Amino acid sequence: MKADQVLIAHHDVLRGLLRQLTETTDDQTAERSRLRDELLRELEVHTQIEDELFYPAVRDVSPLLSLAHAEHRQIDDQLATVMRTAVDDPEFGTEVRMLSATLHHHTFEEEERMFPQSHALGDERLEQLGRQLQERQEELYRSGAMRLIVRLKRMTLRLV
Amino acid sequence: MSVRSRLERTLGAVERLQVLDGPGYQLEHGVALTYLLTGRFARPLQDLLHGVWLGHPLHPALVTVPVGSWTAALVLDGLDVTGRGGPGTGAAARTAVGVGVAGAVASAASGLTDWQHAHDGARRVGLVHAGLNSTALALYAWSFADRGRRRPGRARVTAAAGFALTLASSWLGGALSYRHGLGTDHADRSPEPRRFTPVLAESELVDGEAVGATVDGVPVVLVAQDGEVHAVGGTCPHQGAPLGEGWLHRGELVCPWHGSRFDLATGEPTQGPSTAPLPCFDVRRQDGRVEVRRRGNWRGPTATTTVEEASR
Ligand code: FES
Ligand SMILES: [Fe+2]
Ligand SMILES: [Fe+2]
């Protein structure tokens, strides 16, 4: 799979989780917690593979890196708000919809603008980059350090 | 080579220092984490330091404290060195250095908060600006301590070095404002359209969604909400993001780039980094079409109002 296809597939996972989360109701607290934790982990993995591998690789063919970083920051900040909001809080749904809008805008920016620009790297390079992204993604899913980071993040964000 | 072209070259070189991007993002992650740890105070704190309450960036206003105090200290040191000082000159110089240090810490906090959202060349220039200023701050802190330890000679040398660094760094700060336009208002402030002009069909509005359009070359955003239609400028005052790509949260328009939020009725920013309001437009519905007209307000220059009145 080419790099952009790997990332689009993962965007689908993220968008799917957000859709499920938006569809939950205030009394489905256990389901909300589970989906929220899963989203936190997937977002952490996604940001990391893009920051480590994809963004540095497209640096010379896309002028959108600063924008992408700014949008990651906005997603991160809103994710923190969602983590801080209790799952049975009447505002939970509103904050999740805000996170969803932020993420949808960023994936749109990448899929419609940055990824087409990345095609200038050529098919061969994109295939190779795609393999690297998948390998790193698998590695992060298995990594104990990643699990620890996610757990720490979850704990601190709920504390403050 | 002229002074101007030398400075120009330096600026260009700093703007292209891509090696600064790695450390820059690390620093931003650090700042972001620090703010996240303040929980629900993160937003009010950042808005305070951006200057959302002030209507323009707080940072340039704050820096007058260290620059002014340190200039005073330089003059007082000069008097002492040339033997024209009085019995209180040394103590006065120490106070001035101390006030400057306190002001510099506050300036650094606000500067760092603004810098988080700078892009590309401006981001690199900002990082060098911050590095130089931090060094100057350290020199002045050292100078302050030396003045307490009765080491006046060394204290004056470190203060003078700090002053030179501050000057160099201020030049970069100026470039950030006047060249990169960091902190300036990027919204469209033209008086157009002065008369009601059709923008789109009523059927193109989506309830609860931001719809971008252009009218007379002016970008606008239309929002149908609770039976009302609002129209505001389509360019974010912060750094010019296309607000037509933005969305609504709690009835406010959110900027897709750095998350400024705007009140749709007044255009005022309810959350930074934008410190300037959005221009507003009057809206009317005519035969299934939505028409807008630039809302005249005190922000418009007087001449505009006159022409506007005359042409209606
Ligand atoms: S461009 Fe920065 S908040 Fe809109
Ligand atoms: Fe991304
Ligand atoms: Fe992505």
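Quick one: count up the residues across the range A:80-97 that are in a helix (DSSP H, G or I) and at the interface with chain B (Cβ under 10 Å from one of its Cβ atoms).
Going through the range A:80-97, the residues in a helix (DSSP H, G or I) turn out to be A:80-84, A:92-97.
Remaining after also requiring at the interface with chain B (Cβ under 10 Å from one of its Cβ atoms): A:80-81, A:83-84, A:94-95, A:97.
Adding up the residues that qualify gives 7.
Which of the residues spanning the range B:5-45 are within 22 Å of the chain's Cα centre (by Cα), among the aliphatic types (A, V, I, L, M) and within 13 Å of chain A (Cβ to nearest Cβ)?
B:Leu20, B:Leu27, B:Val31, B:Ala32, B:Leu33, B:Leu36, B:Ala42, B:Leu45
Residue under question is B:Ser134, and the condition is that it be open to solvent by 60 Å² or more (accessible area, probe 1.4 Å) and of a type outside the set (Val, Ile, Thr); does it hold?
Yes; evaluated as a whole, the condition is true for this residue.
Residue-by-condition table, conditions (1) modelled with pLDDT of 95 or more; (2) over 24 Å from A:Glu31 (Cβ atoms); (3) more than 16 Å from ligand 1 (Cβ to nearest atom):
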position	(1), (2), (3)
A:Gln74	yes, yes, no
A:Asp77	no, yes, no
A:Thr81	no, no, yes
A:Arg84	no, no, yes
A:Asp89	no, no, yes
A:Phe92	no, no, yes
A:Leu99	yes, no, yes
A:His104	yes, no, yes
A:Thr107	yes, no, yes
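Could you please find all residues in the range B:1-48 being hydroxyl-bearing (Ser, Thr, Tyr) and not in a helix (DSSP H, G or I)? Spell out the reasoning first.
Here is the first cut: in the range B:1-48, the ones hydroxyl-bearing (Ser, Thr, Tyr) are B:2, B:5, B:10, B:25, B:34-35, B:38.
Across the range B:1-48, the qualifying residues are B:Ser2, B:Thr38.
Please work out if B:Gly227 is more than 26 Å from B:Gly111 (Cβ to Cβ) and free of Cβ contacts under 8 Å to residues at least 24 places away in the same chain. Break it down stepwise before answering.
On the way: more than 26 Å from B:Gly111 (Cβ to Cβ): yes; free of Cβ contacts under 8 Å to residues at least 24 places away in the same chain: yes.
In short, yes.
Listed here are the residues, each with its yes/no results for (1) assigned to a helix (DSSP H, G or I); (2) surrounded by 19 or more Cβ atoms within 10 Å (Cβ to Cβ); (3) not hydroxyl-bearing (Ser, Thr, Tyr).
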site	(1), (2), (3)
A:Met1	no, no, yes
A:Ile8	yes, no, yes
A:Gly16	yes, no, yes
A:Leu99	yes, yes, yes
A:His106	yes, yes, yes
A:Gln117	yes, no, yes
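How do the pairs read when you match residues in the range A:35-61 that are free of Cβ contacts under 8 Å to residues at least 24 places away in the same chain with residues anywhere that are more than 13 Å from ligand 3 (Cβ to nearest atom) and in a helix (DSSP H, G or I), using Cβ under 7 Å and keeping only pairs 6 or more apart or on different chains?
These pairs meet every condition: A:Leu35/A:Leu17; A:Leu35/A:Gln20; A:Leu35/A:Leu21; A:Glu38/A:Leu17.
Could you look through the range B:56-85, keep only residues that are open to solvent by less than 40 Å² (accessible area, probe 1.4 Å) and in a loop (DSSP other than H, G, I, E, B), and pick out the one that is nearest to B:Leu176 (Cα to Cα)?
The extreme case among them is B:Pro57.
For the range B:212-243, what are the residues that are within 27 Å of the chain's Cα centre (by Cα), within 18 Å of B:Arg189 (Cβ to Cβ) and among the hydrophobic types (A, V, I, L, M, F, W, C)?
B:Val218, B:Val220, B:Val221, B:Ala231, B:Val232, B:Cys236, B:Ala241, B:Leu243
Scan the range B:247-263 for residues that are open to solvent by 10 Å² or more (accessible area, probe 1.4 Å) and part of a loop (DSSP other than H, G, I, E, B) and report the count. Even if it seems obvious, please write down each step before you answer.
Step one: list which residues in the range B:247-263 are open to solvent by 10 Å² or more (accessible area, probe 1.4 Å), which gives B:247-248, B:250-252, B:257-258, B:261, B:263.
Those left that are additionally part of a loop (DSSP other than H, G, I, E, B): B:250-251, B:257-258, B:263.
Number of matching residues: 5.
On the given criteria, is B:Leu127 open to solvent by less than 60 Å² (accessible area, probe 1.4 Å) and more than 14 Å from every other protein chain (Cβ to nearest Cβ)?
Values: open to solvent by less than 60 Å² (accessible area, probe 1.4 Å): yes; more than 14 Å from every other protein chain (Cβ to nearest Cβ): no.
Taking the combined requirement at face value, the residue does not satisfy it.
Looking at A:Phe92, is it in contact with a Ser or Thr (Cβ under 7 Å, 6 or more places away or on another chain) and of a type in the set (A, V, I, L, M, F, W, C)?
On the way: in contact with a Ser or Thr (Cβ under 7 Å, 6 or more places away or on another chain): yes; of a type in the set (A, V, I, L, M, F, W, C): yes.
Yes; evaluated as a whole, the condition is true for this residue.
Return the residue satisfying two criteria in turn: it lies in the range A:98-109 and is at the interface with chain B (Cβ under 10 Å from one of its Cβ atoms) and within 12 Å of ligand 3 (Cβ to nearest atom), and of such residues it is nearest to B:Arg261 (Cα to Cα).
A:His105
Within the range B:232-246, can you find the residues that are in a strand (DSSP E or B) and either outside the structural domain of B:Gly267 (by TED's automatic domain parsing) or free of Cβ contacts under 8 Å to residues at least 40 places away in the same chain (or both)? Let's see the steps before the verdict.
Taking the range B:232-246 first, the residues in a strand (DSSP E or B) are B:232-233, B:235, B:242.
Within the range B:232-246, B:Pro242 is the sole residue that qualifies.
With respect to A:Glu50, determine if the residue is more than 8 Å from every other protein chain (Cβ to nearest Cβ) and open to solvent by less than 20 Å² (accessible area, probe 1.4 Å). Reasoning before the result, please.
Working: more than 8 Å from every other protein chain (Cβ to nearest Cβ): yes; open to solvent by less than 20 Å² (accessible area, probe 1.4 Å): yes.
Answer is yes for this residue.
If a residue must be surrounded by 15 or more Cβ atoms within 10 Å (Cβ to Cβ) and away from ligand 2 (no atom under 13 Å from the Cβ), how many such residues does the range A:62-78 contain?
In the first step, residues of the range A:62-78 are kept if they are surrounded by 15 or more Cβ atoms within 10 Å (Cβ to Cβ); the result is A:62, A:64-78.
Subsequent filtering for residues that are away from ligand 2 (no atom under 13 Å from the Cβ) retains A:77-78.
The total comes to 2.
The values are calculated or read from the model by the stated rules, or taken from the named source; none is laboratory data. Every value quoted in this text rests on a predicted model; they were computed, and no experiment measured them. Note that we place each Cβ from the backbone using ideal geometry, even for glycine, and neighbour counts take in every protein chain shown. We work out accessible area using only protein heavy atoms, side chains counted, and drop any ligands, DNA or RNA first. Shrake-Rupley method; radii C 1.70, N 1.55, O 1.52, S 1.80 Å.
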